[in-house]
């Protein structure tokens, strides 16, 4: 499979691990003052890290699809197999998670160190939880694909 799978796995581990860390950080810091001190510092660092890792995941994913000659069959909807169906589902979930991440990062960077509106707070928390949960669903489909192969 080459270097693509290794980079993809490192990026996936970083993405999911970072998400779990931020989730644990978020639920463990109850004191509002602690949050106001920690998040403006940690948030942007993690946000930039998250952007780099997401680009790396998408790039290595596309690279592996092309290298394995799956690009044509992936978009030929008359072709059906367990691997192709699982990969299509995974890619749709990744696209949704990417949009959710963009929404989350846009709000986070724009409001860093500032008071958020109720809508911004709701969207930020919902997108954060969505990213956290989607990670495990996407991981499930990655495991399904690996098990088939």
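Bear in mind that the values in this text are calculations on the coordinates, not laboratory data. Model, not experiment: these values are computed from the prediction. Cβ: placed from backbone, ideal geometry, glycine included. Neighbour counts: every protein chain shown.
Please list, by residue number, everything in the range 119-149 whose backbone N is under 16 Å from a paramagnetic label point 7 Å out along Cα→Cβ of residue 85.
141-142, 144-149, by backbone N distance to the label point.
Relative contact order for the chain: what is it in percent, counting Cα pairs under 8 Å that are at least 6 residues apart?
Working: 85 pairs, mean separation 48.0, N = 149.
That works out to 32 percent.
Could you state the principal axis extents of the C-alpha atoms in the chain, from the largest down, to the nearest angstrom?
So the extents along the principal axes, rounded to whole Å, are 54, 29, 23.
Relative to the longest principal axis of the chain, what angle (0 to 90°, nearest 10) does the C-alpha long axis of helix 118-148 take?
Approximately 30 degrees, to the nearest 10.
Please compute the length gained on full extension between residue 49 and residue 62, using 0.36 nm multiplied by the number of residues separating them and subtracting their Cα-Cα distance. Each step should come with its number before you reach the end.
Details: separation 13, 0.36 × 13 = 4.68 nm, distance 2.00 nm.
Full extension from residue 49 to residue 62 adds 2.7 nm.
Quick one: helix 3-28 against the long Cα principal axis of the chain, what's the angle to the nearest 10°, folded into 0 to 90?
The two axes meet at around 30 degrees.
Name all residues of the range 46-83 having a backbone nitrogen under 12 Å from the label point set 7 Å from the Cα of residue 95 along its Cα→Cβ direction, giving them as ranges.
Counting backbone N atoms under 12 Å from the label point, the list is 75.
What ranking, highest mean first, results for peptides 75-85, 139-149 when packing means the other Cβ atoms within 10 Å averaged over each residue? Write down the numbers at each step before the final one.
Details: 75-85: 11.6, 139-149: 13.9.
The packing order, highest mean first, is 139-149, 75-85.
To the nearest 500 deg cm²/dmol, what mean residue ellipticity at 222 nm is calculated for the chain from DSSP H runs of n ≥ 4 alone, each contributing -39,500 (n - 2.57), summed and divided by the residues? Before the final figure, lay out each step's value.
Numbers: 5 runs with 127 residues, N = 149.
My calculation for the chain gives -30500 deg cm²/dmol from helical runs alone.
How far apart, in nm, are two points set 7 Å out from the Cα along the Cα-to-Cβ line at residue 13 and at residue 116?
Result: 3.1 nm between the two label points.
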